[in-house]
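Enquirer: Structure in structure tokens, see below.
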Amino acid sequence: MNVAALFIWMETTKKMDYLRKHIKRVTLIMLLFTYIYCYSSSAQNASGVADIQFNQSIGLINIPTANLLKHGQLRMSLSAGIISLGLFNYFEMGLLAFNSNNKFYWGNRLEMKLIDEEGVVPALAVGGESATENPHLMEAPYINSSYVVASKDIGMFGVAHVGIGNGRFVGSGEASSKLNGLFCGIEKTFFEDGSNPLTVKLEEDGKDINFGIIIKLLPGFYMTLTAAKLDNVIYGHPAPDNQAEYFLGFNAEGVLTPLKPGEKKP
């Protein structure tokens with residue numbers, strides 16, 4: 001009798017654990033769509049306006065990823081006024097000050113991880129960005145963008161990212177307009193065991209094809225090389241839109257919180 005009762009209790013516990021896990025995922029998905037709906041309701045189409053950055057200090061090159069900064073990890077661009085901070089391993093927030101199309105923008109961003117990568121399940125995150133030319137003027141237009149992005153380690157090929165968003169992720173060109181905000185990218189790191197690892201990146205940011213390289217020069221100090229808007233050359237767009245853009249940048253990162261005994265620096 002005691003054995004039967006124990007068996008029933010164990011089976012009931014397993015079902016309750018499964019139910020709790022199921023409810024958690026359903027709740028996260030509901031929050032995800034609520035977030036996207038609320039943020040998108042005020043979003044403007046930023047096609048051709050205000051690319052956040054090409055210095056590779058946020059996400060891949062110009063697209064976000066679901067691989068957020070660790071808790072207390074701080075990353076900043078030394079070639080643009082962009083700074084990001086990881087919180088609790090599930091949030092990443094940042095301040096933006098950048099030049100785009102000969103205009104200067106101020107802004108902020110927030111990203112939240114919903115699901116960690118586990119097995120065949122990719123990491124999943126949602127985020128939003130807002131930027132304006134003049135934050136002191138109430139009537140100044142804000143360029144809002146929101147997105148959902150998934151990231152997955154695909155072994156020897158590197159890490160793949162795919163997502164969808166609005167605002168700056170929606171292009172107005174003949175090819176990019178068909179993507180409807182879909183973006184994707186891939187990155188591969190070489191010489192990981194050495195003191196100067198090198199990461200190669202390629203992405204389609206919803207509007208343009210971009211290629212980037214990031215090289216670790218010193219602990220916490222990186223150099224970035226970016227060739228952006230390569231589709232202008234690949235598809236032979238007519239002048240003056242047939243030119244790629246090239247960027248050289250430097251990023252720095254560190255950890256604000258003290259490490260626990262035995263914990264390694266991210």
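A short reminder: the numbers here are calculations on the coordinates, not readings from a lab. Since this is a predicted model, take the numbers as computed values, not measurements. Cβ sites come from the backbone with ideal geometry, for glycine too, and all protein chains shown count toward neighbours.
Enquirer: Spelling out what I want: for every residue of the range 210-221, take phi, set θ = phi - 60°, compute 6.51 cos²θ - 1.76 cosθ + 1.60 (Karplus), and round to whole Hz; glycine and proline get x.
Expert: 3J(HN,Hα) across the range 210-221, in whole Hz: 10, 10, x, 10, 10, 10, 7, 8, 9, x, x, 9.
Enquirer: What pairs in 103/216; 70/178; 178/216; 113/229; 70/229; 152/229 have C-alpha atoms more than 27 Å from each other?
Expert: Correct reply: 103/216; 70/178; 178/216; 113/229; 70/229.
Enquirer: Around residue 166, with a cut-off of 14 angstrom between Cβ atoms, what is the net charge of the other residues, counting Lys and Arg +1 and Asp and Glu -1?
Expert: Around residue 166, the charge tally is 0.
Enquirer: Going by average Cβ density within 10 Å per residue, which order do the peptides 180-189, 64-73 take, highest to lowest?
Expert: Highest to lowest by the protection proxy: 64-73, 180-189.
Enquirer: While we're looking at this one, here's another question. Which order do 168, 75 fall in if you start with the one that has the fewest other Cβ atoms within 10 Å?
Expert: With the fewest neighbours first, 168, 75 line up as 75, 168.
Enquirer: Provide the net charge surrounding residue 88, with neighbours chosen by a C-beta distance below 14 Å and charges set as Lys +1, Arg +1, Asp -1, Glu -1.
Expert: Overall, the nearby charge balance is -1.
Enquirer: Once you list every other residue whose beta carbon is under 14 Å from the beta carbon of residue 211, what net charge do they have if Lys and Arg are +1 and Asp and Glu are -1?
Expert: -4
Enquirer: Enumerate the amide H contacts of residue 255 below 5 Å, restricted to partners 5 or more residues apart or on another chain; note that Pro and chain-start residues carry no placed amide H.
Expert: Counting only residues 5 or more places away or on other chains, the set is 74.
Enquirer: For residue 171, enumerate residues with amide H under 5 Å from its amide H, sequence gap 5+ or separate chain, H modeled in the peptide plane.
Expert: So residue 171 has HN proximity to 180, 181.
Enquirer: Apply the Karplus curve 6.51 cos²θ - 1.76 cosθ + 1.60, θ = phi - 60°, to the phi angles in the range 190-205 and return the couplings in whole Hz, x for Gly and Pro.
Expert: 10, 6, 4, 7, x, 7, 10, x, 10, 10, 9, 10, 9, 8, 10, 8
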